[in-house]
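Heads up, the thing below is written out as C-alpha coordinates.
The values are calculated or read from the model by the stated rules, or taken from the named source; none is laboratory data. All figures in this text were calculated on a predicted structure; none of them were measured in a lab. FYI the Cβ positions are ideal-geometry reconstructions off the backbone, even for glycines, and counts take in every protein chain you see.
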Amino acid sequence: MKDGQTAANSKQVRVAIAQSAPVYLDTHTSLAKALDLIGQAAKRGAQLVAFGEIWLSGYPAWLDVCPGAALWESGFAKDVFARLRPNSIVVPGEEVNALREAARDLKIAIVIGVNERVDSGPGNGTLYNSLLTISGDGHLGNHHRT
(Lines give C-alpha, C1' and ligand atoms only; values in the text may rest on other atoms or scores of the structure.)
Protein backbone atom coordinates (compact mmCIF):
# COMPACT_ATOMS: atom_id res chain seq x y z
CA MET A 1 0.00 0.00 0.00
CA LYS A 2 1.11 3.55 -0.63
CA ASP A 3 1.78 5.97 2.20
CA GLY A 4 -1.46 7.07 3.81
CA GLN A 5 -3.51 4.36 2.10
CA THR A 6 -5.49 2.01 4.30
CA ALA A 7 -6.89 -1.41 3.55
CA ALA A 8 -10.38 0.11 3.65
CA ASN A 9 -9.74 2.43 0.70
CA SER A 10 -7.48 0.18 -1.42
CA LYS A 11 -8.98 -1.22 -4.61
CA GLN A 12 -9.11 -4.99 -4.56
CA VAL A 13 -9.81 -7.11 -7.62
CA ARG A 14 -10.98 -10.71 -7.37
CA VAL A 15 -9.40 -12.79 -10.14
CA ALA A 16 -10.32 -16.30 -11.25
CA ILE A 17 -7.98 -18.53 -13.22
CA ALA A 18 -9.68 -21.11 -15.42
CA GLN A 19 -7.58 -24.21 -14.78
CA SER A 20 -9.56 -26.42 -17.06
CA ALA A 21 -8.71 -27.85 -20.46
CA PRO A 22 -10.62 -26.88 -23.59
CA VAL A 23 -12.23 -29.54 -25.75
CA TYR A 24 -9.24 -29.89 -28.03
CA LEU A 25 -9.82 -28.81 -31.64
CA ASP A 26 -13.54 -28.27 -31.02
CA THR A 27 -14.18 -24.53 -30.96
CA HIS A 28 -17.95 -24.74 -30.52
CA THR A 29 -17.79 -27.02 -27.46
CA SER A 30 -14.76 -25.20 -26.04
CA LEU A 31 -16.57 -21.87 -26.32
CA ALA A 32 -19.59 -23.30 -24.48
CA LYS A 33 -17.24 -24.58 -21.77
CA ALA A 34 -15.50 -21.18 -21.52
CA LEU A 35 -18.85 -19.39 -21.19
CA ASP A 36 -19.85 -21.78 -18.40
CA LEU A 37 -16.53 -21.22 -16.57
CA ILE A 38 -16.93 -17.45 -16.96
CA GLY A 39 -20.42 -17.69 -15.47
CA GLN A 40 -19.14 -19.74 -12.53
CA ALA A 41 -16.35 -17.22 -11.88
CA ALA A 42 -18.80 -14.31 -11.96
CA LYS A 43 -21.14 -16.09 -9.51
CA ARG A 44 -18.20 -16.43 -7.11
CA GLY A 45 -17.53 -12.70 -7.28
CA ALA A 46 -14.63 -12.64 -9.74
CA GLN A 47 -14.14 -9.39 -11.63
CA LEU A 48 -11.61 -10.92 -14.03
CA VAL A 49 -11.26 -14.45 -15.36
CA ALA A 50 -8.06 -15.56 -17.11
CA PHE A 51 -7.65 -18.53 -19.42
CA GLY A 52 -4.38 -20.06 -20.62
CA GLU A 53 -2.42 -19.65 -23.81
CA ILE A 54 -4.42 -20.63 -26.88
CA TRP A 55 -7.21 -21.95 -24.69
CA LEU A 56 -9.70 -21.68 -27.54
CA SER A 57 -9.37 -24.34 -28.95
CA GLY A 58 -6.16 -25.88 -27.75
CA TYR A 59 -2.41 -25.42 -27.76
CA PRO A 60 -0.62 -27.20 -30.65
CA ALA A 61 1.45 -29.32 -28.24
CA TRP A 62 2.55 -31.65 -31.02
CA LEU A 63 5.05 -28.99 -32.07
CA ASP A 64 6.88 -29.49 -28.76
CA VAL A 65 6.89 -33.27 -28.57
CA CYS A 66 6.96 -34.62 -32.12
CA PRO A 67 10.24 -34.27 -34.00
CA GLY A 68 9.60 -32.97 -37.51
CA ALA A 69 5.96 -32.07 -36.82
CA ALA A 70 6.64 -28.44 -37.66
CA LEU A 71 7.95 -29.38 -41.08
CA TRP A 72 5.46 -28.48 -43.78
CA GLU A 73 6.11 -31.72 -45.64
CA SER A 74 5.05 -33.80 -42.64
CA GLY A 75 1.81 -35.62 -43.38
CA PHE A 76 1.00 -35.65 -39.66
CA ALA A 77 1.44 -31.86 -39.43
CA LYS A 78 -0.74 -31.31 -42.47
CA ASP A 79 -3.51 -33.49 -41.01
CA VAL A 80 -3.48 -31.69 -37.67
CA PHE A 81 -3.32 -28.22 -39.22
CA ALA A 82 -6.25 -29.24 -41.45
CA ARG A 83 -8.22 -29.70 -38.21
CA LEU A 84 -6.72 -26.67 -36.47
CA ARG A 85 -7.60 -24.12 -39.14
CA PRO A 86 -11.40 -24.54 -39.09
CA ASN A 87 -11.28 -24.67 -35.28
CA SER A 88 -9.52 -21.31 -35.13
CA ILE A 89 -11.57 -18.16 -34.73
CA VAL A 90 -11.79 -14.91 -36.67
CA VAL A 91 -11.35 -11.67 -34.71
CA PRO A 92 -13.79 -9.97 -34.63
CA GLY A 93 -16.26 -12.77 -35.15
CA GLU A 94 -19.02 -14.93 -33.73
CA GLU A 95 -16.98 -16.40 -30.86
CA VAL A 96 -15.55 -13.03 -29.85
CA ASN A 97 -19.06 -11.57 -29.87
CA ALA A 98 -20.24 -14.35 -27.54
CA LEU A 99 -17.36 -13.63 -25.14
CA ARG A 100 -18.03 -9.88 -25.29
CA GLU A 101 -21.71 -10.43 -24.55
CA ALA A 102 -20.89 -12.65 -21.56
CA ALA A 103 -18.43 -10.08 -20.22
CA ARG A 104 -21.00 -7.30 -20.56
CA ASP A 105 -23.91 -9.30 -19.11
CA LEU A 106 -21.88 -10.65 -16.17
CA LYS A 107 -19.78 -7.50 -15.70
CA ILE A 108 -16.57 -9.53 -15.71
CA ALA A 109 -13.34 -8.96 -17.65
CA ILE A 110 -11.98 -11.87 -19.67
CA VAL A 111 -8.44 -12.64 -20.80
CA ILE A 112 -8.25 -15.62 -23.16
CA GLY A 113 -5.74 -17.07 -25.57
CA VAL A 114 -7.10 -18.16 -28.95
CA ASN A 115 -6.05 -19.70 -32.24
CA GLU A 116 -6.86 -16.87 -34.64
CA ARG A 117 -7.47 -17.40 -38.35
CA VAL A 118 -7.15 -14.57 -40.87
CA ASP A 119 -9.60 -15.15 -43.70
CA SER A 120 -9.15 -11.95 -45.71
CA GLY A 121 -6.97 -8.90 -46.14
CA PRO A 122 -3.37 -8.63 -44.95
CA GLY A 123 -2.17 -11.93 -43.55
CA ASN A 124 -4.89 -13.93 -45.32
CA GLY A 125 -4.34 -17.61 -44.56
CA THR A 126 -2.24 -16.96 -41.44
CA LEU A 127 -2.89 -18.59 -38.07
CA TYR A 128 -1.90 -16.59 -35.00
CA ASN A 129 -1.65 -17.39 -31.31
CA SER A 130 -3.59 -14.36 -30.08
CA LEU A 131 -4.47 -12.95 -26.69
CA LEU A 132 -7.80 -11.18 -26.24
CA THR A 133 -8.67 -8.91 -23.33
CA ILE A 134 -12.32 -8.04 -22.97
CA SER A 135 -13.43 -5.51 -20.36
CA GLY A 136 -16.37 -5.94 -18.03
CA ASP A 137 -18.45 -3.70 -20.28
CA GLY A 138 -17.88 -6.03 -23.26
CA HIS A 139 -15.27 -3.94 -25.06
CA LEU A 140 -12.43 -5.77 -26.83
CA GLY A 141 -9.65 -3.71 -25.29
CA ASN A 142 -6.64 -5.72 -26.44
CA HIS A 143 -6.04 -8.03 -29.38
CA HIS A 144 -2.41 -9.15 -29.40
CA ARG A 145 -1.13 -11.49 -32.11
CA THR A 146 2.05 -13.55 -31.83
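So, Trp72, is that one over 18 Å from the mean Cα position of the chain (by Cα), closer than 21 Å to Gln19 by Cα and modelled with pLDDT under 95 or not?
For Trp72, the condition - over 18 Å from the mean Cα position of the chain (by Cα), closer than 21 Å to Gln19 by Cα and modelled with pLDDT under 95 - is not met.
Give me the pairs, please: first residue somewhere in region 99-124 and touching a residue at least 24 places away in the same chain (Cβ under 8 Å) and at positive phi, second residue anywhere and surrounded by 13 or more Cβ atoms within 10 Å (Cβ to Cβ) and part of a helix (DSSP H, G or I), beta-carbon distance under 8 Å, and either six or more positions apart or on two chains.
Filtered contacts from region 99-124: Lys107/Ala42.
Among the residues of region 122-146, write down those that are surrounded by 13 or more Cβ atoms within 10 Å (Cβ to Cβ), among the polar types (S, T, N, Q) and modelled with pLDDT under 95.
Once the filter is applied, which keeps residues that are surrounded by 13 or more Cβ atoms within 10 Å (Cβ to Cβ), among the polar types (S, T, N, Q) and modelled with pLDDT under 95, region 122-146 yields only Asn129.
Taking Ser20 as meeting all but one of (1) part of a loop (DSSP other than H, G, I, E, B); (2) closer than 21 Å to Thr146 by Cα, write down the number of the exception.
(2)
Which members of region 83-134 meet the condition of being part of a strand (DSSP E or B) and over 19 Å from Ala41 (Cα atoms)?
Those that are part of a strand (DSSP E or B) and over 19 Å from Ala41 (Cα atoms): Ile89, Val114, Asn115, Glu116, Arg117, Leu127, Tyr128, Asn129, Ser130, Leu131.
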